[in-house]
């Protein structure tokens, strides 16, 4: 007797295997890093539910754990294939906390100069700013609370991007952008294209 599998059944089987693999990666990362357990669980839960619908990267997931000091490497980029974690410094907003400190306040509102929070999808190509001519990756808010973050100000949005800045290494602050060290620029950009970025501020 021949048994024919529908495309729907094959898709469900593939999806199930993928989620089992992701659960293994989650447990591995949870044991080997100091990422906030709450942030890690929320990021993996969101990713598993949305990686197809939002066309998120199959290779990387990133968490900016702002409950940690700006003087530490608190941007965690997780390889979803083998569980390896890359760590980098990342700045927080001017009005979110002290220089070199942790995030005490966060906001997705325009002109708040605070760190935005929630889930974001990183852009697929590297751009170049008009004024300072530095390279950047765009971000797009994936939730109702941060839907305007990453959109142009002329469209009522909040101009937030991922870009390099020299002040990051000494724990300096941005105007809300996800600023990283210049020496990490291309490593971060390469891995973050189309990736899910979870900005976790303890909320």
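Points to keep in mind about this one:
- Top of 165, 64, 55 by mean-square fluctuation, Gaussian network on the chain, Cα under 10 Å: 55
- Between the helical axis of 37-50 and the longest alpha-carbon principal axis of the chain there is an angle of about 60 degrees.
- By the Stokes-Einstein formula, at 0.890 mPa s and 25 °C, the stretch 74-137 with its Kirkwood radius over alpha-carbon pairs has D equal to 172 µm²/s.
- Computed over the stretch 25-119, Cα set: Rg, Dmax in Å: 14.0, 39
- Working note: 222 nm ellipticity from helices only, DSSP H runs with n ≥ 4, each -39,500 (n - 2.57), summed and divided by the residues of the chain, gives -8000 deg cm²/dmol to the nearest 500.
- Percentage of interatomic Cα-Cα distances in the stretch 7-200 larger than 29 Å: 19
- Considering only 136, 95, 46, the mean-square fluctuation computed in a Gaussian network model of the chain, springs between alpha carbons under 10 angstrom, is largest for 46.
- Relative contact order of the stretch 29-169, taken over Cα pairs closer than 8 Å and 6 or more residues apart, is 14 percent.
- Each part gets one Cα centre, and for the stretch 130-203 versus the stretch 83-101 those centres are 12 Å apart.
- Note on the chain: antiparallel DSSP beta bridges, both residues inside, total approximately 65 percent of the bridges counted.
- Residues 184, 159, 65 arranged by fewest to most Cβ contacts within 10 Å: 159, 184, 65
- Fluctuation leader among 163, 175, 133 - the chain, Gaussian network, Cα springs under 10 angstrom: 133
- Ascending count of other beta-carbon atoms within 10 Å, so fewest first, for 200, 26: 26, 200
Bear in mind that the values in this text are calculations on the coordinates, not laboratory data. Given the structure is predicted, the values throughout are model-derived calculations rather than measurements. We place every Cβ from the backbone using ideal geometry, glycine too, and count neighbours over all the protein chains shown.
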